[in-house]
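One structure is given below, encoded as structure tokens.
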Ligand SMILES: [Zn+2]
């Protein structure tokens with residue numbers, strides 16, 4: 001799915017504390033099971049009552065606090081949309097108020113959407129359909145790229161791993177439809193078959209007869225599978241050795257040897273770059289092999305389907321609903337969201353920074369910013385102390401690590417400099433002839449142009465990769481920065497009415513988690529300026545690898561409700577971050593005399609989660625974070641102070657012998 005791909009891209013340039021993990025069936029029926037003891041299942045014990053009273057909403061595949069806060073934020077922003085829509089006022093052309101109210105008016109007028117059909121995108125689709133040869137097909141792709149639809153020859157702009165002062169163009173595999181992880185796992189066949197049916201239904205809707213559409217769907221799926229087989233796995237996207245492949249202009253032309261790549265690059269304004277980076281070399285070789293005159297029919301069908309799929313949310317309702325039904329099949333939800341909610345979600349994503357400004361002005365608690373700054377400073381000091389206490393690191397390496405902590409940038413709430421993308425986004429009111437799809441295409445085109453212009457301007461370290469209304473956080477190795485959007489600074493993560501211990505177990509642990517990414521398996525390979533630059537001695541990094549291997553094995557001993565083991569390799573970097581986080585906040589709480597039980601119980605609370613079996617399977621295959629119960633229990637079982645706090649002793653399920661506890665940053669002498 002395109003969405004999965006976007007998350008991978010994000011993981012490429014930064015590590016995200018993204019909506020994570022899953023819970024076992026036992027937990028989703030908490031009310032019917034016996035409450036476990038804290039010494040047997042800490043996560044289950046702490047969250048027992050909470051999860052017994054929560055249910056997964058019918059429109060969702062999961063319930064957790066990310067969802068709950070997102071609903072709160074959505075309610076606040078929907079209130080703003082209603083006010084604007086019902087005010088009866090006319091807003092100045094180009095103002096946020098005008099754009100939001102006019103775009104929402106287009107989105108919610110379903111009759112108009114149905115009447116307009118695909119008119120706005122038809123010229124693009126016709127150009128693909130009528131292509132008589134590869135050159136003409138490539139021209140069609142080039143036009144689509146201008147509106148942000150680059151599904152086959154995909155590239156993006158990133159800070160250069162080897163020189164964070166510069167931006168680079170990075171090429172990746174194509175849109176992999178349902179995704180590599182599903183396609184390669186026999187137990188996901190049911191979903192893959194459903195996806196083939198979905199492709200067929202979309203093609204039928206676009207005018208093909210059922211039989212033809214069925215054959216085309218098979219061919220499109222087979223094409224995507226062949227390429228997906230060569231694509232990188234999520235964990236490989238953490239490893240610069242795998243994804244950072246430098247290509248000269250001539251080498252890139254040779255890689256795409258079956259098409260006129262020189263012409264394509266020229267149309268993209270990218271014909272004279274110093275170098276290019278190819279993330280997924282083998283996948284692109286496979287794509288190139290498929291780019292033949294003989295394959296033109298399947299290439300055209302693939303492109304048509306991806307465009308319809310990408311634009312379905314803004315198209316006639318029949319397209320939107322087909323896409324929604326497929327998404328529901330994947331996440332196990334049973335009820336469609338309302339038309340109003342869908343319209344809001346789409347408009348919010350198209351005008352995310354317009355909403356971001358309004359949200360930050362109206363709802364951000366400025367006092368929280370100061371509290372978080374203080375907490376970050378305390379945690380960073382503690383981190384330094386822990387690193388300096390390691391007996392396996394040399395003074396020179398410790399000095400480098402300390403420098404990285406001292407120079408780490410912090411962003412809280414909302415950007416100091418708002419992105420100027422709003423100046424380039426225009427929405428035409430329905431009464432002036434604007435339709436939902438035509439406005440959407442115009443917005444996508446302007447966004448594409450904005451991204452290109454920003455690329456040409458060079459690195460902008462003020463840029464945010466999340467909006468203020470997003471309930472999330474991230475570490476960006478290219479800028480050596482940690483970022484906490486406004487919306488995550490709420491309970492249970494942070495609240496001035498919670499105890500300091502609870503805040504340390506909530507936002508404190510989230511902060512320490514993000515800081516830990518500076519020293520996770522891949523983060524540790526970047527220096528304080530964000531450049532890939534191995535600053536460890538060989539012996540030290542070998543030690544790091546040994547400790548990592550122990551962590552991989554340790555997590556592999558944990559299972560989910562189906563009995564399937566956690567993938568310790570896929571989740572390694574996130575587990576290193578969780579372990580480092582709890583070690584650090586434990587030390588801070590001890591020094592401040594805060595209650596450790598408050599710290600640990602809130603760490604369990606923030607990961608409370610219910611999810612459908614469908615989503616549980618999805619996460620086990622694709623999520624770089626461990627499942628929620630494991631994030632809580634595996635981490636705490638490796639924290640010595642946790643044992644004293646709860647009287648955990650040998651024989652308890654939460655008990656792990658001291659020699660078997662894992663960490664990169666150890667509080668005792670090297671194990
Ligand atoms: Zn993380």
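Listed values, structure above:
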| item | result |
| --- | --- |
| Where the Cα pairs of region 291-347 fall when distances are cut into 5 Å bins, in % | 4, 17, 21, 21, 14, 9, 8, 4, 3, 0 |
| Spherically averaged projected area of region 106-169 from its Cα convex hull (nm²) | 7.0 |
| Tensor-based shape of region 199-273 (alpha-carbon gyration tensor, a/c under 1.5 rounded, otherwise prolate or oblate) | oblate |
| Mean separation of Cα contacts under 8 Å (6+ apart) over length of region 505-651, as relative contact order % | 28 |
| Shape call, region 397-497: gyration tensor on alpha carbons, a/c limit 1.5 | oblate |
| Neighbour-count ranking [beta-carbon atoms within 10 angstrom, fewest first] of 193, 527, 161, 41 | 193, 527, 41, 161 |
| Region 612-657 - Kirkwood radius from inverse mean 1/r over Cα pairs (Å) | 12.1 |
| Coarse-grained scattering of region 39-137 at q = 0.22 Å⁻¹, given as base-10 log I(q)/I(0) from a Debye sum over alpha-carbon atoms | -1.14 |
| Paired Rg and Dmax values of region 94-208, which use every Cα atom, in angstrom | 19.2, 52 |
| Relative contact order for the chain, counting Cα pairs under 8 Å that sit 6 or more residues apart, in percent | 24 |
| Length released on extending from residue 206 to residue 373, taking residue separation times 0.36 nm less the Cα-Cα span | 54.8 nm |
| Shape box of region 148-267 [Cα atoms, principal axes, largest first, Å] | 51, 35, 23 |
| Value at 222 nm in deg cm²/dmol, rounded to 500, when DSSP H runs of n ≥ 4 in the chain each add -39,500 (n - 2.57) | -16500 deg cm²/dmol |
| Residues 355, 344, sorted so that the one with the fewest Cβ neighbours within 10 Å comes first | 344, 355 |
| For the chain, radius of gyration divided by Kirkwood radius, i.e. Rg to Rh on alpha-carbons | 0.96 |
| Point-to-point label distance, residue 83-residue 325, nm (Cα→Cβ direction, 7 Å offset) | 3.9 |
| Residue exposure sequence - 560, 507 - by fewest surrounding Cβ within 10 Å | 560, 507 |
| Beta bridge orientation in the chain: antiparallel %, DSSP, nearest 5 | 75 |
| Cα shape, region 372-456, gyration tensor, a/c 1.5 rule | prolate |
| Cα convex hull volume per residue for region 232-353 (Å³) | 183 |
| Region 467-516 - Debye-derived log10 I(q)/I(0), Cα point model, q = 0.20, 0.31 Å⁻¹ | -0.66, -1.14 |
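Each value in this text was obtained by applying a stated rule to the coordinates, not by laboratory testing. This one's a predicted model, so the numbers in the text were calculated from it and none came from an experiment. As a convention, Cβ positions derive from the backbone with ideal geometry for all residues, glycine included, and neighbour counts pool all protein chains shown.
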